[in-house]
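S.K.: Pasting in a structure now, in structure tokens, and then I'll have a few things to ask.
The values are calculated or read from the model by the stated rules, or taken from the named source; none is laboratory data. Please read these numbers as outputs of a predicted model, since none were measured by experiment. Glycine also receives a Cβ, built like all others from the backbone with ideal geometry; neighbour counts cover every protein chain displayed.
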Amino acid sequence: MIPWEVLLELIGALMGLMYILLLAQKKTSAWVYGIVSCGMFGIVCFLQGYTGQGIIQTINAFMGFYGLWSWKNHPKESQSWPKLFIATLILLPGLYFASLWLFHTSNMAFHLDNVALILSIVATLLTVKVVLENWYFWLIINVITTLTAMNNHLFFLACVSIGYFLLSLYGIFQWKKASSNRVT
């Protein structure tokens, strides 16, 4: 990897960690960090030939603009849609097998990226709508991304995905705490 690509990946990682930290605190400015992070990771992934994750990062960068607009213009009161998360868990193997059926390759990372892509779109929409279960989706996505990034030798992305996983646990705690404080 070229040194400037490593620098892009490092900056993307730091921006991504800041994104999740601010998102857990429901700060609208989080979306700016997320857009920059995903944009940088998208560039690095495409340059490294890691197209699946590059597409995911690019889509998430563009969805970040929607998140920024939405959080600026709408209240950020948490909702909970547990049935959607349970239904998605049931459908996860189907997403993987659909990728196998549609794309004839034995590359497991490719198919996991396809699952992560679908989950990322759903998770980002749930984040924009301030649905608590978005964090559970991100836990799964971060595990998948860690595995596929390691497979593609993108070690900053793998490390930051572990950091994202841990910060997603923090996000669950923060959003649950905020909801319980609102109820009492």
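S.K.: Just one of S106, S161 is assigned to a helix (DSSP H, G or I), farther than 17 Å from G64 by Cα and either of a type in the set (A, V, I, L, M, F, W, C) or without any contact (Cβ under 8 Å) to a residue 24 or more places away in the chain (or both); which is it?
M.R.: Details: S106 fails: assigned to a helix (DSSP H, G or I).
Unique residue meeting the criteria: S161.
S.K.: Does at least one position in region 49-56 carry a residue that is crowded, with 19+ Cβ neighbours inside 10 Å and part of a loop (DSSP other than H, G, I, E, B)?
M.R.: Within region 49-56, one or more residues are crowded, with 19+ Cβ neighbours inside 10 Å and part of a loop (DSSP other than H, G, I, E, B).
S.K.: Sticking with this one: Filter region 1-38 down to the residues that are in contact (Cβ under 8 Å) with a residue 40 or more places away in the chain, surrounded by 21 or more Cβ atoms within 10 Å (Cβ to Cβ), farther than 15 Å from W135 by Cα and of a type outside the set (G, A, S) and list them by number.
M.R.: Scanning region 1-38 gives E9, W31.
S.K.: When you go through L139, L126, L100, L119 one by one, which is the residue that is among the aliphatic types (A, V, I, L, M), modelled with pLDDT under 85 and either assigned to a helix (DSSP H, G or I) or within 30 Å of P75 (Cα to Cα) (or both)?
M.R.: Residue meeting the stated conditions: L100.
S.K.: With the structure loaded, tell me whether N107 is surrounded by fewer than 15 Cβ atoms within 10 Å (Cβ to Cβ) and of a type outside the set (S, T, Y) or whether it fails that test.
M.R.: So N107 fits the description; yes.
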